[in-house]
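What follows is a set of notes on a single structure, which appears directly below.
The values are calculated or read from the model by the stated rules, or taken from the named source; none is laboratory data. All values derive from a computational prediction rather than experimental measurement. Don't worry about glycine lacking a Cβ; one is built from the backbone with ideal geometry, like all the others, and counts go over all protein chains shown.
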Amino acid sequence: MKLLTELTTLPASEAIAAICVADGLDGSAFTALSSVSTDDFTALVSVGKSLLAALASVVDRTGWCPVDAVTFESSKQKNIHVIGDSAFAGTMPKSAFSGLLEGRLCAAAIARLFAGAAPEAAPMSSNCYSVVAPGYAISITGEFRPVNGEYTEVDNSIHSSPLDAPPTLRAEDAKNADAWFRTATSEIFG
């Protein structure tokens, strides 16, 4: 089996989900949006609202998956946990940084549940970087905490890098973005 390595970028209006499953007969595969020709493969790629989540009956009328802010367990289906872009846990941003943190917190919560202990509510931070050019990036940061079952923004915690930031700050943001990417990809893929 091969993982589909070339993905077509979709406009935001169409980026609901792309679920690919090989039919094993003619090498074609089907996604939620189109048919793809490739070698035998199985791939699951979810961007934004997820068709897989809809099939699991964990979405609400908005198309997002409401979850408990401590465990990331679906509010719609017991024992199904949702993280990342599909999860709606309050005001947490839809970002790779948040998704990675949600994965860590969800795994810790599930481990505590299996051990017969109560999961612990944890604050979360979010750092989003946009590398605009080599050595030049912008950032936005924020702090969030669980309140009444949803993550809420901590007052006055959202900060963007200033529009008139000096080149040294842009270079520092780029360095931080690269460091975060290396750490995240190492943690995810080993």
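So which of Ile140, Ile188 ends up being within 27 Å of Ala87 (Cβ to Cβ), touching a Cys at 6+ places or on another chain (Cβ under 6 Å) and not aromatic (Phe, Trp, Tyr)? Residue meeting the stated conditions: Ile140. Residues that are more than 20 Å from the chain's Cα centre (by Cα) and among the polar types (S, T, N, Q) were ranked within region 147-172; the one that is modelled with the lowest pLDDT is Asn148.
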